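Report on the structure given below.
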Amino acid sequence: MVCKSGMAAFIVFFVLMVLIESGFSYDIPTGESDCSNRWIHIRRLPSRFNLDLLTNCSEYHIYDDFCPYLLNHGLGPKTHNHSRSWYRTDPLLLELVFHRRMLEYPCLTQDPNLANAIYLPYYAALDALKYLYGPEINSSSEHGLELYSYLRSDAAEIWDRYMGHDHFLVMARPAWDFSQPLNIDPPLWGTSFLELPEFYNVTALVLEARAWSWQEQAVPYPTSFHPSNSHLLESWLKRVRRSRRSTLMLFAGGGGIAATPNIRRSIRNECEYNTTDDDGASANDQICYIVDCSNGVCEHDPIRYMKPMLQANFCLQPPGDTPTRRSTFDAILAGCIPVFFEEQSAISQYGWHLPPELYDEFSVFIPKEDVVFKELKIVDVLQSIPDAKVRKMREKVIELMPRLMYRRHGSTLGLKTTKDAFDIAIDASLDRISTRLQDVLVQ
């Protein structure tokens, strides 16, 4: 069960949700009066599809207990008592974070017939845990069928109007975790939610999309930085700009210890060859630094990796179990220029938030095959980049930073004028749905 402070947060969240979804009137905030083509209706769902799932936070023994990270509406506990912007955020709880932010969206309508889009506050990744780690592992192909049955039985006209084309939801895991082929026996990893024909028309916001992304669109992993006002954001940007970059390149992660050739092993070998002793040479001479995040030790501890990232010019982002990494967004938050080794790690993923045409301005791409099999040295590539270009790239990273953070709910109006990852995801979802609906109506 949830701790007392966490339960208090649930109660506040629940009250807000009930007030809005049961008919509580709300006004459009000043400065947000133009809601044409931006109206969203929050579909009312039984609590078994969202809030009830939070009470199971410690039930899955194979999976980590995520109860402590439910605080602050999914942002997690603060990193320390006096922190104003930094939290121990778990990416799995992006669904809860999104739901809380949706309650503040300025263009909500209680009438689904007036809505340009329908938001489903379904915590898909949390519901998936019982199929991935719990007792229903052999029924993973059924994930989503209960939700679909409800959508078709309760106010079915909302779904039937466009057969789901105007619906969207958040699924806080890589799309691969929801892409198990139907009727496969024995079941492989994942559930079959995105394979169900019933949900082919729904837009799914995921942490990592597949190469063929008709249904889904990748959105940034949540970092641990969630400012609530413009002053806190500007203070962080100033710290990033004045940070002394004494390390050429940094890798924060695990893996790379297997005997078989792979990009992480190559990075570790190169770093071990070029790393100076912590107590020895001048910090200005440090070529490579490794933050060992094996066994998940960094997952809820941003202090462990953010300070080294602030001191590095380049942060290496090799693929792991899947192509994308939360570390990419942590690095950008620290003003550390990301270095990618395959296109699926970012350039083909986050087009809404990081336009593909900008990648040359803020990142470096080195094909992993050249490093692993052709003995290309990462150090040589990065050292060949002129200092002036490095400074220009870092400024571009800092410019993009607000687009990738999720500001805290209840932020000041001043900060709300700066679009964050949530705002951009909502705007782009509305555009995507509008285009889909135009195509449907033409047919």
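Tabulated values for the structure
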| read-out | value |
| --- | --- |
| Count - residues of region 398-423 that are within 20 Å of Ala331 (Cα to Cα), part of a helix (DSSP H, G or I), open to solvent by less than 60 Å² (accessible area, probe 1.4 Å) and not aromatic (Phe, Trp, Tyr) | 6 |
| Complete set of residues in region 170-189 that are open to solvent by less than 30 Å² (accessible area, probe 1.4 Å) and in contact (Cβ under 8 Å) with a residue 60 or more places away in the chain | Val170, Met171, Ala172, Arg173, Pro174 |
| When residues of region 352-396 are limited to those that are among the small types (Gly, Ala, Ser) and either on the phi > 0 side of the Ramachandran plot or not in a helix (DSSP H, G or I) (or both), the one surrounded by the most Cβ atoms within 10 Å (Cβ to Cβ) | Ser363 |
| Total residues in region 57-90, condition free of Cβ contacts under 8 Å to residues at least 12 places away in the same chain and touching a strand residue (DSSP E or B) at 6+ places or on another chain (Cβ under 9 Å) | 3 |
| Sole residue being charged (D, E, K, R) and either free of Cβ contacts under 8 Å to residues at least 40 places away in the same chain or open to solvent by 20 Å² or more (accessible area, probe 1.4 Å) (or both), chosen from Glu216, Glu208, Glu198 | Glu198 |
| Index of the failed condition, Leu92 passing every other in (1) open to solvent by less than 30 Å² (accessible area, probe 1.4 Å); (2) farther than 20 Å from Asn50 by Cβ | (2) |
| Test: Ile257 is at pLDDT below 90 and either β-branched (Val, Ile, Thr) or closer than 20 Å to Met401 by Cα (or both) | yes |
| Residue under evaluation Phe98, criteria (1) surrounded by fewer than 17 Cβ atoms within 10 Å (Cβ to Cβ); (2) within 28 Å of Ile137 (Cα to Cα), criterion not met | (1) |
| Odd one out for Pro121, checked against (1) open to solvent by 10 Å² or more (accessible area, probe 1.4 Å); (2) at pLDDT 95 or above; (3) outside any helix (DSSP H, G or I) | (1) |
| Looking only at region 292-327, and only at residues there that are among the hydroxyl-bearing types (Ser, Thr, Tyr) and open to solvent by less than 20 Å² (accessible area, probe 1.4 Å), the one that is farthest from the chain's Cα centre (by Cα) | Tyr305 |
| Pairs with Cβ under 7 Å, 6+ apart, first in region 240-259 and β-branched (Val, Ile, Thr), second assigned to a strand (DSSP E or B) and open to solvent by 50 Å² or more (accessible area, probe 1.4 Å) | Thr247/Tyr289 |
| Residues of region 429-443 that turn out to be acidic (Asp, Glu) and either modelled with pLDDT of 95 or more or in contact with a strand residue (DSSP E or B) (Cβ under 7 Å, 6 or more places away or on another chain) (or both), as a count | 1 |
| Residue within region 227-249 that is aliphatic (A, V, I, L, M), open to solvent by 20 Å² or more (accessible area, probe 1.4 Å), within 23 Å of Leu400 (Cα to Cα) and in a strand (DSSP E or B) present | yes |
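The values are calculated or read from the model by the stated rules, or taken from the named source; none is laboratory data. Here the structure is a predicted model, which is why all the values come from computation and not from measurement. With ideal geometry, Cβ positions are generated from the backbone for all residues, glycine too; neighbour counts draw on all protein chains shown. These accessible areas exclude ligands, DNA and RNA; they are computed on the full protein's heavy atoms, side chains included. Shrake-Rupley method; radii C 1.70, N 1.55, O 1.52, S 1.80 Å.
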